[in-house]
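One structure below.
The values are calculated or read from the model by the stated rules, or taken from the named source; none is laboratory data. Being a predicted model, the structure only gives us computed values, none of them experimental. Methodologically, a virtual Cβ is constructed for each residue, glycine included, from the backbone with ideal geometry; neighbour enumeration extends over all protein chains shown. Just so you know, the surface numbers come from the protein's heavy atoms only, side chains and all, with ligands and any DNA or RNA stripped out. Shrake-Rupley method; radii C 1.70, N 1.55, O 1.52, S 1.80 Å.
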Amino acid sequence: MDHSEKHNLNKVTLGGLLVSLGIIYGDIGTSPLYVMKAIVGNALITEELVLGGVSCVVWTLTLMTTVKYVLLALRADNHGEGGTFALYALTRRKVKKGLAIPAIIGGCALLGDGMITPPISVSSAIEGVLIKNPDIPTIPIVIGIISALFFFQRFGTKTVGGSFGPIMLTWFLMLGILGISGLTLNPMVLLQGLNPWYAIQLLVHYPNGFWLLGAVFLCTTGAEALYADLGHCGRKNIQTSWIFVKTCLLLNYFGQAAWLLQFKGQHLPSNPFYSLMPSWFLYIGIGIATVAAIIASQALISGSFTLISEAIKLNFWPQMKINYPTNLKGQIYIPGINLLLWVGCTLVVLIFRKSERMESAYGLLIIINMLIDTYLFTYYFISNRVRREYIALFLISFLTIEFAFLAANLTKFHDGGFVSFIISSLLFLVMFVWYEAGNIKRKLTEYVSMTPYLMRLKELSHDLTMGKFASNVVYLTSSENPQTIESKVIYSIFQKQPKRADIYWFLHVEITDEPYTMEYKVKFLDEESIIRITFRLGFRVEPKISLYFRKVVEELVRNKEVDITSRYASLSKQNISGDFRFVVLQRFLSADNELPIRNQLIMDAYFILKKYSLSEIKYFGLDASQVTEEMVPMIINPAKNVQLVRLPDEDGVMS
């Protein structure tokens, strides 16, 4: 990271603080809508339950959110970017094995979470109207709001996003003020809630107290967003704004606890969040809560788009169409994922119908993601030579806490958690197949040295007895070594259909572990007619290869390093440039392969997924009018020698 990047990452600005309020605290900021309600549930309200529950919330926010993510995780930035895949890309530079599958699991957990956050946040907000109007059907309203949210994704969030910060500032101020008003009922709750003894008493002595951790954990869902959105806000802006956010959250939780203590020995009369509001303010509060829930949903949706974009570049997900609705850095829209999320969110609303039932499905995926982050952080600390005793303290502390939360959340499996588990499992299956198929292809793709073919290419280029295929023939190559090439490319040039050209171009696209790299290297394998270009693109950069290639060629021409003037006599006189044609090789699995059963199943699934993924032509931004596609067999393991017995012809003679 250069000096300017470090400066921006550590710089605190008023605008940066406002942006951080608007885009990263939606999920964790709307948790007061349902956390205390979930902790109390159907149990009788007691001092032990209320004070123990709010104390658990205080220390969960302190240890999981403040210590792990705000203080520690934000230091593990990949050129200013954060998140599970950014951490994976950062760590795999020094740790080559054992990271990909955990990273995939973490990514799938986040995507699965993206299908539950909008329903539970919007439902919790809208259900506030039931206090005064219990007969209003909330499901159509929730589905309508969620559908509108997904519909407007195609237009980008630049305009709407500008108002997110002030709205969330209003939301957090409202949380704090309502909390203070609730504390007037029992000011001692403030000191009691800060005392960890009450949390310990709840977990150890209260009947089934340990299993309440599943409800307590809901207060820290969204903590991973602090890390994932590091690149949008900067470390210092997040750390500074978190002080204000955490204060407002705790005040509201304390206020709800004070209100609940009025009803000792009774069942929960209503949602304690809305009960803190004066009657005249209720509908205003519901409106603000609904907008905050929409912002929380927007953050998860945008995060899902970014996650899939990174997964595609890291070869974890099939290629998909990615749109860039605005010029805002990092803002993307993926139609296929938008549709997938909308369908998933709608089904969650229809299946669970009420926010209190959605709480059963919520949290399991997020704690899995947090465990994966702990695993990756450990390797990050090791690769950066952090002292062993500090690493051990980190592991013991957070694995103990997170496995406790995992155990408590597993009790939700039968009550609805299986829905989120099925969603994430299907996503994992797609990522696993795509990643493993990529490994199989890479390991068994045959590469040959370019050296024996350089002279043959020159001879082919000057062979006037053969018609010219194009003035410039361009191949995409996966070979990282500029001195080697896939044997299939050689086969395509010389055998499948001999391709005479003036200049042969070989393009290699390297996806870097940095997010926004845009570099290229040129190697002249022959002074006039054989050129290799390597593009180094960050995993968040759109691969517009046709555009980048054209810019490189223009620069080479300006520098007089290459002459692309047409060599047809009539066109050369007019100084007209020669034509360009890309050759894209589409590989298929030939019938004579003998693969192990596991690899055969993976490759069969891969080719099914490939049918529905974006073609290389569209993914790399190639002009279809300049592309020739060729089908070539993917010979992975040739079949064993077949012994055929020759029979004599009709005259008894071996002809």
Could you give every pair whose Cβ atoms fall below 9 Å, whose first residue belongs to the range 395-417 and is over 16 Å from Thr378 (Cα atoms), and whose second residue is among the basic types (Lys, Arg) and open to solvent by 20 Å² or more (accessible area, probe 1.4 Å), counting only separations of at least 6 or pairs across chains? Asp415/Arg357; Gly416/Arg357
Look at Leu63 and say whether it is closer than 25 Å to Gly234 by Cα, at pLDDT 85 or above and open to solvent by 10 Å² or more (accessible area, probe 1.4 Å). yes
Can you tell which of Glu629, Glu616, Glu555 is at pLDDT below 85 and out of contact with any Cys (no Cβ under 8 Å at 6 or more places or on another chain)? Glu616
Hey, could you check the range 242-267 for residues that are polar (S, T, N, Q) and either crowded, with 24+ Cβ neighbours inside 10 Å or touching a Cys at 6+ places or on another chain (Cβ under 7 Å) (or both) and say which is farthest from Asp27 (Cα to Cα)? Gln256
Quick count over the range 271-298, residues being open to solvent by 40 Å² or more (accessible area, probe 1.4 Å) and either part of a loop (DSSP other than H, G, I, E, B) or of a type in the set (Phe, Trp, Tyr) (or both), is 3
Inspect the range 208-217 for any residue being of a type in the set (A, V, I, L, M, F, W, C), surrounded by fewer than 17 Cβ atoms within 10 Å (Cβ to Cβ), at pLDDT below 95 and under 24 Å from Ala299 (Cα atoms) and give the result as yes or no. no
Subset of the range 79-110, residues of a type outside the set (A, V, I, L, M), buried (at least 24 other Cβ atoms within 10 Å of the Cβ) and within 16 Å of the chain's Cα centre (by Cα), comes to Glu81, Gly82, Gly83, Thr84, Phe85, Tyr88, Gly106, Gly107, Cys108
Do we have any residue at all in the range 422-443 that's under 30 Å from Phe217 (Cβ atoms) and acidic (Asp, Glu)? no
Subset of the range 375-394 [closer than 30 Å to Ile39 by Cα and free of Cβ contacts under 8 Å to residues at least 60 places away in the same chain]: Leu393
Ile308 passes all but one of (1) in contact with a Pro (Cβ under 8 Å, 6 or more places away or on another chain); (2) in a helix (DSSP H, G or I); (3) not polar (S, T, N, Q); which number fails? (1)
State yes or no: is Phe316 closer than 30 Å to Ile545 by Cβ, open to solvent by less than 30 Å² (accessible area, probe 1.4 Å), in contact (Cβ under 8 Å) with a residue 12 or more places away in the chain and assigned to a loop (DSSP other than H, G, I, E, B)? yes
Restricted to the range 558-577, and to residues that are open to solvent by 60 Å² or more (accessible area, probe 1.4 Å) and under 45 Å from the mean Cα position of the chain (by Cα), which residue is farthest from Lys521 (Cα to Cα)? Ser577
Considering only the range 442-455, I want to know if a residue exists there that is in contact with a Phe, Trp or Tyr (Cβ under 8 Å, 6 or more places away or on another chain) and either assigned to a strand (DSSP E or B) or buried (at least 20 other Cβ atoms within 10 Å of the Cβ) (or both). no
By my count, helices (runs of 4 or more DSSP H) wholly in the range 332-383 with at least 3 residues that are at pLDDT 90 or above are 335-352, 364-383
Of everything in the range 179-196 that's part of a helix (DSSP H, G or I), in contact (Cβ under 8 Å) with a residue 60 or more places away in the chain and not small (Gly, Ala, Ser), which residue is farthest from Pro278 (Cα to Cα)? Pro196
Of the residues Val67, Val35, which is free of Cβ contacts under 8 Å to residues at least 60 places away in the same chain and out of contact with any Gly (no Cβ under 8 Å at 6 or more places or on another chain)? Val67
Residues of the range 121-157 being under 21 Å from the mean Cα position of the chain (by Cα), assigned to a helix (DSSP H, G or I) and either surrounded by 15 or more Cβ atoms within 10 Å (Cβ to Cβ) or basic (Lys, Arg) (or both), in sequence order, are Ser121, Ile146, Leu149, Phe150, Gln153, Arg154
Can we say Arg357 is open to solvent by 80 Å² or more (accessible area, probe 1.4 Å) and either closer than 20 Å to Thr411 by Cα or not charged (D, E, K, R) (or both)? yes
Counting only helices (runs of 4 or more DSSP H) wholly inside the range 199-251, the ones holding at least 3 residues that are over 23 Å from the mean Cα position of the chain (by Cα) are 213-216
Taking the conditions exactly as written (open to solvent by 10 Å² or more (accessible area, probe 1.4 Å) and either part of a helix (DSSP H, G or I) or within 24 Å of Gly41 (Cα to Cα) (or both)), does Ile301 satisfy them or not? no
Within the range 578-595, take every residue that is modelled with pLDDT under 85 and surrounded by 14 or more Cβ atoms within 10 Å (Cβ to Cβ) and give me the one that is farthest from the chain's Cα centre (by Cα). Asn593
Looking at Leu399, Leu365, which is the one that is among the aliphatic types (A, V, I, L, M) and open to solvent by less than 10 Å² (accessible area, probe 1.4 Å)? Leu365
